[in-house]
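A.B. asks: Below is one structure. I have some questions about it.
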Amino acid sequence: MTATSARPDTATAHEFAQTPAAGERRRPRLPFSPWHLLLAPLALVFAVPLVWLVLSSVMSNAEINRFPPALWPSGIDLGGYRYVLGNAMFPRWFLNSLIVSAVTVAANLVFGSLAGYAFARMRFAGSRVLMGLMLATMAVPFQLTMIPTFLVMKKLGLIDTLGALIVPSLVTPFAVFLLRQFFLSLPRELEEAAWIDGCSRLRVLWRIVLPLSRPALATVAVLTFLTTWNDLTWPLIAINHDTQYTLQLGLTTFQGQHHTQWAAVMAGNVITVLPVLLAFLGAQKTFIQSITSSGLKG
């Protein structure tokens with residue numbers, strides 16, 4: 001009888017021990033990260049200029065020039081898009097920008113990978129000094145180097161050609177530095193195993209290192225494309241003939257001293273922003289991984 005009567009008390013004590021105290025009860029969890037409460041309003045603030053750009057591209061010049069400015073179009077006016085797309089040179093400008101950006105991105109991925117891997121894995125005389133000098137060039141403003149660069153391009157006979165826009169950007173210190181830092185985070189054991197199997201350094205880089213470095217490569221590609229596509233200063237100096245204009249340089253022709261086609265400028269900017277936006281959205285996942293990852297997981 002005593003043993004039988006003790007069982008309910010033991011079960012009750014066990015249940016009481018498993019019941020959380022009042023102060024230890026689970027707090028209601030949000031369906032999203034608390035950081036979103038801060039990031040969402042900031043995202044809206046940064047999106048306002050882009051939204052206004054799209055809205056103003058479907059306004060007429062009268063609405064854009066009105067004071068106070070119109071925040072919402074009274075109707076959809078595609079005159080700006082017709083003006084831009086009806087310009088015979090616009091497809092040529094778009095193609096020039098695409099060629100320059102694609103070649104620059106490909107060159108930075110190739111040369112940046114080779115140089116970054118050499119600085120990360122190979123030890124040679126003066127490697128640290130060369131790395132320091134290369135990083136120091138990132139602190140030099142472009143305004144100090146554009147005249148020497150122009151003179152070099154003139155000696156090479158590349159002025160007023162797309163080559164003048166491509167050659168100075170074939171490899172950038174940022175691409176080399178970013179890829180070097182990512183290569184340092186990769187375990188050496190994988191490379192050593194490949195060397196034992198008889199792989200050369202180039203084959204190790206191609207078969208082992210680069211497949212593991214897709215996030216860093218995507219980051220270099222997106223940022224290089226963004227910088228090259230939006231560049232205006234250097235094309236303005238190196239290009240004279242309108243057939244060699246890039247898209248950014250061609251859009252400046254819509255602005256005159258006495259009259260500006262603001263609807264066409266806004267429509268052209270919308271078309272210009274679309275490739276950059278699509279490139280970032282396509283590489284967003286790997287772009288974030290390159291920032292958050294360090295080496296292999298699992």
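A.B. asks: Could you tell me the accessible area of ARG207 in Å² (1.4 Å probe, neighbours in place), rounded to the nearest ten?
C.D. replies: Accessible area, nearest 10 Å²: 140 Å².
A.B. asks: Could you sort the peptides 213-220, 262-269, 53-60, 86-93 by per-residue average Cβ neighbour count (10 Å cutoff), highest mean leading? Walk me through the intermediate numbers first.
C.D. replies: Working: 213-220: 21.6, 262-269: 24.1, 53-60: 19.1, 86-93: 14.0.
Those peptides, ordered most packed to least, come out 262-269, 213-220, 53-60, 86-93.
A.B. asks: Can you compute the charge dipole magnitude of the stretch 79-295 about its Cα centre, using +1 on each Lys and Arg Cβ and -1 on each Asp and Glu Cβ, nothing else charged? Give it in debye, rounded to the nearest 20. All intermediate terms of the calculation are to be shown ahead of the outcome.
C.D. replies: Working: 14 positive and 7 negative charges, 67 e Å.
Charge dipole of the stretch 79-295: 320 debye, to the nearest 20.
A.B. asks: For MET122, MET131, give me the order by solvent-accessible area with a 1.4 Å probe, most accessible first, ignoring ligands, DNA and RNA.
C.D. replies: Heavy-atom accessible area, descending, gives MET122, MET131.
A.B. asks: Mind checking the full-extension length gain between LEU277 and ILE237? Use 0.36 nm per residue of separation minus the Cα-Cα distance, one decimal, nm.
C.D. replies: Working: separation 40, 0.36 × 40 = 14.40 nm, distance 2.67 nm.
Using 0.36 nm per residue and subtracting the Cα-Cα distance, I get 11.7 nm.
A.B. asks: Report the percentage of all Cα-Cα pairs in the stretch 79-295 whose separation exceeds 26 Å, rounded to a whole percent. Working shown, then result.
C.D. replies: Details: 10856 of 23436 pairs.
Counting every Cα pair in the stretch 79-295, those more than 26 Å apart make up 46 percent.
A.B. asks: Quick check: residue separation of LEU130 and LEU39 times 0.36 nm, minus the Cα distance between them. What number comes out in nm? Working shown, then result.
C.D. replies: Details: separation 91, 0.36 × 91 = 32.76 nm, distance 4.01 nm.
Gain in length upon complete extension: 28.7 nm.
A.B. asks: In addition: Accessible area per residue, 1.4 Å probe, Å², for the stretch 79-295: what's the number?
C.D. replies: Details: 11780 Å² over 217 residues.
Ligands and nucleic acids excluded, the figure is 54 Å² per residue.
A.B. asks: Here's something else I'd like to know. So if we plug the beta-carbon distance of LYS155 and LEU114 into 1/(1 + (r/R0)^6) with R0 = 35 Å, what FRET efficiency do we get, rounded to 0.05? Before the final figure, lay out each step's value.
C.D. replies: Values: r = 26 Å, r/R0 = 0.75.
Step by step, r from the Cβ atoms, then E = 0.85.
A.B. asks: For the stretch 79-295, give the percent of accessible area contributed by carbon and sulfur heavy atoms, probe 1.4 Å, rounded to a whole number. All intermediate terms of the calculation are to be shown ahead of the outcome.
C.D. replies: Details: 7910 of 11780 Å².
Result for the stretch 79-295: 67 percent of the exposed heavy-atom area is carbon or sulfur.
The values are calculated or read from the model by the stated rules, or taken from the named source; none is laboratory data. These figures come from a predicted structure and were not determined experimentally. Please note: Cβ atoms are built from the backbone with ideal geometry, for glycine as well, and neighbour counts cover all protein chains shown. Please note that ligands, DNA and RNA were not included when accessible areas were found on the heavy atoms of the full protein model with its side chains. Shrake-Rupley method; radii C 1.70, N 1.55, O 1.52, S 1.80 Å.
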